[in-house]
1. Restricting to region 1-26, give me the number of residues that are of a type outside the set (A, V, I, L, M), touching a helix residue (DSSP H, G or I) at 6+ places or on another chain (Cβ under 8 Å), surrounded by 17 or more Cβ atoms within 10 Å (Cβ to Cβ) and not in a loop (DSSP other than H, G, I, E, B).
2. So which of Ile179, Ile166 is hydrophobic (A, V, I, L, M, F, W, C), within 18 Å of Val202 (Cα to Cα) and part of a loop (DSSP other than H, G, I, E, B)?
3. Scan Ala64, Ala108, Ala41 and give me the residue that is among the small types (Gly, Ala, Ser) and either surrounded by fewer than 16 Cβ atoms within 10 Å (Cβ to Cβ) or free of Cβ contacts under 8 Å to residues at least 60 places away in the same chain (or both).
4. Which condition number does Lys55 fail, the rest of (1) surrounded by fewer than 23 Cβ atoms within 10 Å (Cβ to Cβ); (2) under 17 Å from the mean Cα position of the chain (by Cα); (3) free of Cβ contacts under 8 Å to residues at least 60 places away in the same chain being met?
5. Quickly run through region 83-99 and pick out the residues that are part of a strand (DSSP E or B) and surrounded by fewer than 20 Cβ atoms within 10 Å (Cβ to Cβ).
6. Out of everything in region 136-155 that is closer than 29 Å to Gly37 by Cα and in contact with a Lys or Arg (Cβ under 8 Å, 6 or more places away or on another chain), what residue ends up being surrounded by the fewest Cβ atoms within 10 Å (Cβ to Cβ)?
7. Residues Leu44, Leu29, Leu70: which one is part of a helix (DSSP H, G or I) and more than 29 Å from Ile210 (Cα to Cα)?
8. Scan region 50-88 residue by residue and report those that are among the charged types (D, E, K, R) and under 18 Å from Gly37 (Cα atoms).
Amino acid sequence: MLQKCSYFLNLVRHGETTANKQKLVQGQLDYPLSDVGIQQAENLGQSVKQETFDKVYSSDLKRAYETAELVLKHNKCSHSNIITDNRIREKTFGVLEGIPITEYVRLAKEANIPPHNYVPEGGESMQELRTRIKSFMQDLSASVVGEQSNCDKLSNVLVTTHGATIRDFLAYFSSECNIVCQDPTISLKKLCPNTGITRLLVSVNQHRKIRIDKVITIFNTDHLRGNVELVTEEKVGNSRI
C-alpha cells in the first residue's frame, strides 16, 4: 500500500499585463502580457532553465498561458505539454471587471465588506474559488502519485496562474494542509507579484490527504533583479531542490 509520496509544486503568477500597469480589475477578462510582462516571464524562464518539470499546468487565460510558454522556451530539460485548466483561472469579479482597483475598493468599503470578500453582481465568492482550487489540487495530486512508480524520485510540477488564485491556494494550504511559513516578514495573505514563484514540497499519504511539508521559497522575484540562480539547491531526502 502507498505510504507517502511527495512532489514539488511551483506556483507562478503571470507576467504583467496592460491592465496591471493601469491598475484595473482584470478578473477573467483575457488580457495578454505587456512588453514588461514578456520580459518578466523570459527572466523567470532563464532562472529555472535547468529545472526539469514533469508536469506543466496553466490557467486557460492568455496571460498565464503565455507566461508558461515563455518559461518553457528557455527550458531544455522539460518536454511536458502545457495542460490548461479553467479551475486555476483568476477569480471572477462580475460586472466590475475592467474598472480601476481604487473604485472597486471604494465600492467594497461602501458595502462595509473587506475587498477580498466583496462579491459584486456576477462575481465569485471566496468559497467558490476555494472549491475549484481544492478540486484541482486533489486531481493533480492523484495524477502525480499515480504516475510515480518510485516515491523516492520526486516529480516537479509547474503551475502558472493568477494573483487572487495563488492567495487562495495558500489560504487553502493554511487551513487544510498544515502549511507553515518560517519567514515572519512574509504574509501568506499578500498578493504575489507578477512572475513571483512559490515553491513547496507537497506530500500525499495513503488516504490521499495533502500536506505541505516544506515552504522552499515564496513570492520569489530574484529573477527580476538579475539573479538567475533562483532556487538554492538543498537536500530533501534523496532529492535535490
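The values are calculated or read from the model by the stated rules, or taken from the named source; none is laboratory data. Here the structure is a predicted model, which is why all the values come from computation and not from measurement. We place every Cβ from the backbone using ideal geometry, glycine too, and count neighbours over all the protein chains shown.
1. Adding up the residues that qualify gives 5.
2. Residue meeting the stated conditions: Ile179.
3. Ala108
4. Among (1) surrounded by fewer than 23 Cβ atoms within 10 Å (Cβ to Cβ); (2) under 17 Å from the mean Cα position of the chain (by Cα); (3) free of Cβ contacts under 8 Å to residues at least 60 places away in the same chain, Lys55 violates only (3).
5. Residues satisfying the conditions are Ile83, Thr84.
6. Residue satisfying both the conditions and the ranking: Phe136.
7. Values: Leu44 fails: more than 29 Å from Ile210 (Cα to Cα); Leu29 fails: part of a helix (DSSP H, G or I).
Selected residue: Leu70, the only one of Leu44, Leu29, Leu70 that is part of a helix (DSSP H, G or I) and more than 29 Å from Ile210 (Cα to Cα).
8. Asp60, Lys62, Arg63, Glu66, Glu69, Lys73, listed by residue number.
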